[in-house]
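See structure below.
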Amino acid sequence: MVITLYVFDTAGFVIQTLAEKEPIRGVTALKNRLYLLRGNVSSHQIEVYDVCYSYRFLRYLNVPALGFAFDIAVCGCYHCAYISDTSNQCVHRAPLSGSRIARQWPVDDVPTGLSLTVKHTVLVTCREVVTIKEYTTHGELLREIELQEDVISPWHSPAV
């Protein structure tokens, strides 16, 4: 199944569609850039589009050690992207400029959804163990939040 990203204006009209390629795994935006994570299998690239000029493709953001990417979040404060990697059970931190090497830290669970807090920490939802883990921007574990028994297979957690 191929998923197409449709971009709507405020009146609800489609103003742009992005090319049909591999399925979209995650999408996020920062300032005038749209960051798109695609694929059924390992892809080491994140597509970057310009929002101001008809969503034209700008470049790829390369993350060489990336396995099966599941979600993406970008941080304007630290100018980086965080990508959850289910096959390597880690989170990658990639600079948006592409000028430095991406880093990663272990989650020791299968990370799915990612969110950023107002304090610029990273929330990682671990679906299989029904836990949310909060990390600093450099991967230091701050705390683990075990979810209630009635929560089953969480995919994402809202930012706090």
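The values are calculated or read from the model by the stated rules, or taken from the named source; none is laboratory data. Only a predicted model underlies this, so the values are computations on that prediction, with no experimental measurement involved. Counting neighbours? That spans all protein chains shown, and the Cβs are built from the backbone with ideal geometry, glycine included.
Table for the structure above
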quantity	calculated
Leading residue by the ranking (farthest from GLY113 (Cα to Cα)) among those in the range 59-76 that are of a type outside the set (Gly, Ala, Ser) and surrounded by fewer than 14 Cβ atoms within 10 Å (Cβ to Cβ)	ARG59
All positions within the range 19-53 that are assigned to a loop (DSSP other than H, G, I, E, B), in contact with an Asp or Glu (Cβ under 8 Å, 6 or more places away or on another chain) and either crowded, with 17+ Cβ neighbours inside 10 Å or at pLDDT 80 or above (or both)	ASN32, SER43
Test: residue in the range 138-150 that is at pLDDT below 95 and closer than 20 Å to ALA29 by Cα	no
Unmet requirement for CYS75, which otherwise passes all of (1) under 25 Å from ILE145 (Cβ atoms); (2) free of Cβ contacts under 8 Å to residues at least 60 places away in the same chain; (3) of a type outside the set (A, V, I, L, M)	(2)
